[in-house]
Amino acid sequence: MKFCESLREFIERLDEIGELRVIENADWNLEIGAITEIVAEKKGPALVFDRIKGYEKGFRVATNILTTPLRQKIALGMSPEIPDLEVVRMWKEKLENFQPKKPKFVDDAPVMENVMENENVNLLRFPVPKWHEHDGGRYIGTGSITITKDPDEGWVNLGTYRIMVQDEKTLSFYASPGKHATIMREKYWERGEDCPVVVSLGQDPLLWMCSTMPLQWGISEYELAGHIRGKAVEVVEGKHTNLPLPANAEIVIEGFSPPPEKESSPEGPFGEWTGYYASGVRETPVIKVKAIYFRDNPIIHGQPPFKPPIPTWPPIPIHSAPFVWSWLERMGFPGIKGVWIHGPGNRTLVVVSIKQMYLGHAMHVASAVASIYYGGALTGKFVVVVDDDIDPSDFDEVLWAITTRCDAESGIEIVRGFLTSPLDPSLSPHKRAEKNFTMAKVIVNACKPYHRIDEFPKINRFSRDIRERVLKKWNL
């Protein structure tokens, strides 16, 4: 596997294979966001914006860098020829063989080439886009990593949360309830202390993808990235927070998040991964910035969410599906052939392919998936189980199975009372007012009925032998 050491090295690799376009003189105010959306819809190249209106040359924004399976595989150090579902299986195996590799502290780091501190801090020196037409402000943190440390246990968490610019020295820091960063900062606040926070705005793509993973409490994403890479992630100690900063990042911000009763600011609305403005303006904790470190000619990684099917996260759901697949196998379920998660954010529709082995096997698996807290099932509204001849990553095949194998009278169940996200646009105003963020899940058994599986109508498709013989004869 060949991994990139930095965001700019990854961008250079994309340029070498014709997967990059540089755009000059775009406006940070909506134009960058609109161009990004249109190119992503067409499954076009990665984009780097330079000479952005009102900003000096070299202060850049990179978007669409991970919105195709090809570019994601390159970032993962994998061959582009590997099937998408195989990528999920390989990632699952890496997670199952996880051996933490702690980050390595270094004295010299590229991110320290330029420093702004205290009264010299100016967030607006960077070309922060206003991504969507109805956003409430400019969001510097979309493809970012937010770094926090548990004050009791001392482990470091990396997560991706939305970060909005309030003014030259202040950021908004929104994270959903239950996220590790949310738990950590509340521990500081309960002590009456400000929470140390670091925000990295452009880093090697593997580290960023690791920051999107639902790892168990106590496991640092730095350690996962080191394990995957086979080499420790290099970090430098932050002067103000003492937190580990990614040494090869483009831009890193150090600051402190005070308790909300001490200071907060209105944040939002923001076009989210569901494809909606699912929440309006709200009072949100802030980060008071103490220092900004950045490389020469810095690059902000923009990963703004858009209306599906444009992917918010990289399209192969390694941040969700491997966890469900691994959990099912650890629980002893036989015959699991593949897991994929479709829908917005690769979170809302879980598909499991199984080789049926006993009566009730499909519903047994489906019920277990619906109960999983992490790995995409948390906000997943639909769980579909299909036979092993169906590729769960191919939604056309999944839809065929649903519409031809599911007995709608007996194969669909609705189960209530599961936790969802406050970003769920279908939550009623009544539930929102009560902070009752629960929903129902739909379980769909799209497998052939096990008790008459041998009698089920044959599939209208040529056999493998005939197809291979024709392919060879006619050079198709």
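The values are calculated or read from the model by the stated rules, or taken from the named source; none is laboratory data. Quick caveat, the model's predicted, so the values are computed rather than measured. FYI the Cβ positions are ideal-geometry reconstructions off the backbone, even for glycines, and counts take in every protein chain you see. Surface accessibility is based on the protein's heavy atoms, side chains included, excluding ligands, DNA and RNA. Shrake-Rupley method; radii C 1.70, N 1.55, O 1.52, S 1.80 Å.
Residue by residue, here is whether (1) of a type in the set (Val, Ile, Thr); (2) at pLDDT 90 or above holds:
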position	(1), (2)
Val352	yes, yes
Met357	no, yes
Gly360	no, yes
Leu378	no, no
Val384	yes, yes
Pro392	no, yes
Glu397	no, yes
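Consider segment 58-79. How many of its residues are assigned to a loop (DSSP other than H, G, I, E, B) and either over 24 Å from Gly202 (Cβ atoms) or of a type in the set (S, T, N, Q) (or both)?
Residues meeting the conditions: 4.
Identify, from the list Val87, Val111, the residue that is touching a strand residue (DSSP E or B) at 6+ places or on another chain (Cβ under 7 Å) and of a type outside the set (Gly, Ala, Ser).
Val111
For segment 467-476, how many residues are open to solvent by less than 90 Å² (accessible area, probe 1.4 Å) and on the phi > 0 side of the Ramachandran plot?
Of the residues in that region, 0 qualify.
Residue under question is Phe456, and the condition is that it be within 25 Å of Gly335 (Cβ to Cβ) and out of contact with any Gly (no Cβ under 6 Å at 6 or more places or on another chain); does it hold?
yes
Pairs only if they're at least six apart or on different chains, beta carbon under 6 angstrom, first in segment 8-29 and more than 22 Å from Pro127 (Cβ to Cβ), second in a loop (DSSP other than H, G, I, E, B) and open to solvent by less than 50 Å² (accessible area, probe 1.4 Å); list them, first residue then second.
Listed by first residue and then by second, the contacts come to Glu19/Pro45.
Provide a single number: the residues in segment 324-350 that are open to solvent by 10 Å² or more (accessible area, probe 1.4 Å) and over 17 Å from Glu86 (Cβ atoms).
The number of residues fulfilling the criteria is 13.
Could you tell me which residue of segment 172-223 is most open to solvent (accessible area, probe 1.4 Å), considering only residues that are among the charged types (D, E, K, R), within 21 Å of Val236 (Cα to Cα) and part of a helix (DSSP H, G or I)?
Looking at the filtered set, the residue picked out is Glu223.
Within the bounds of segment 418-437, is there any residue that is over 23 Å from Val88 (Cβ atoms) and part of a strand (DSSP E or B)?
Yes.
Which of the residues that make up segment 288-333 are touching a residue at least 40 places away in the same chain (Cβ under 8 Å) and either touching a Cys at 6+ places or on another chain (Cβ under 8 Å) or of a type in the set (Gly, Ala, Ser) (or both)?
Once the filter is applied, which keeps residues that are touching a residue at least 40 places away in the same chain (Cβ under 8 Å) and either touching a Cys at 6+ places or on another chain (Cβ under 8 Å) or of a type in the set (Gly, Ala, Ser) (or both), segment 288-333 yields Ala291, Gly302, Ser320, Ala321, Ser326.
Among the listed residues Pro392, Pro305, Pro315, identify the single one that is part of a loop (DSSP other than H, G, I, E, B), of a type outside the set (S, T, N, Q), more than 30 Å from Trp131 (Cα to Cα) and in contact with a Ser or Thr (Cβ under 9 Å, 6 or more places away or on another chain).
Answer to the selection: Pro392.
Find the residue count for segment 423-466, including only residues that are within 28 Å of Val351 (Cβ to Cβ) and open to solvent by 100 Å² or more (accessible area, probe 1.4 Å).
8
Report yes if some residue within segment 36-46 is within 25 Å of Trp327 (Cβ to Cβ), open to solvent by 40 Å² or more (accessible area, probe 1.4 Å) and among the acidic types (Asp, Glu); otherwise report no.
No, every residue in segment 36-46 fails to be within 25 Å of Trp327 (Cβ to Cβ), open to solvent by 40 Å² or more (accessible area, probe 1.4 Å) and among the acidic types (Asp, Glu).
Restricting attention to segment 284-302, does a residue exist that is touching a Lys or Arg at 6+ places or on another chain (Cβ under 6 Å) and over 21 Å from Thr148 (Cβ atoms)?
yes
Looking at segment 228-235, is at least one residue modelled with pLDDT of 95 or more, surrounded by 24 or more Cβ atoms within 10 Å (Cβ to Cβ) and under 22 Å from the mean Cα position of the chain (by Cα)?
Within segment 228-235, one or more residues are modelled with pLDDT of 95 or more, surrounded by 24 or more Cβ atoms within 10 Å (Cβ to Cβ) and under 22 Å from the mean Cα position of the chain (by Cα).
If we only count strands (runs of 3 or more DSSP E) wholly inside segment 107-158, which ones have 2 or more residues that are within 20 Å of the chain's Cα centre (by Cα) and of a type outside the set (D, E, K, R)?
Answer list for segment 107-158: 139-141, 145-149.
Of the residues that sit in segment 292-346 and are of a type in the set (Lys, Arg) and more than 30 Å from Lys239 (Cα to Cα), which one is nearest to the chain's Cα centre (by Cα)?
The qualifying residue nearest to the chain's Cα centre (by Cα) is Lys307.
Look at segment 433-476 and say how many of its residues are more than 30 Å from Gly360 (Cβ to Cβ) and of a type outside the set (Val, Ile, Thr).
Residues flagged as more than 30 Å from Gly360 (Cβ to Cβ) and of a type outside the set (Val, Ile, Thr) within segment 433-476 amount to 18.
Is there a residue in segment 272-287 that is open to solvent by 10 Å² or more (accessible area, probe 1.4 Å), in contact (Cβ under 8 Å) with a residue 60 or more places away in the chain, closer than 27 Å to Lys73 by Cβ and not in a loop (DSSP other than H, G, I, E, B)?
No - not one qualifying residue is present in segment 272-287.
What number goes with the only condition from (1) open to solvent by 30 Å² or more (accessible area, probe 1.4 Å); (2) touching a residue at least 40 places away in the same chain (Cβ under 8 Å); (3) over 21 Å from Thr142 (Cβ atoms) that Lys92 does not pass?
Here Lys92 meets the rest and fails (1).
Looking at segment 244-285, which of its residues are in contact with a strand residue (DSSP E or B) (Cβ under 7 Å, 6 or more places away or on another chain) and among the aliphatic types (A, V, I, L, M)?
Correct list: Leu245, Ala247, Ala249, Ile251, Val252, Ile253, Val281.
May I ask you to say which residue of Ser353, Ser367 is crowded, with 20+ Cβ neighbours inside 10 Å, among the polar types (S, T, N, Q) and over 22 Å from the mean Cα position of the chain (by Cα)?
After ruling out the rest, the residue left standing is Ser353.
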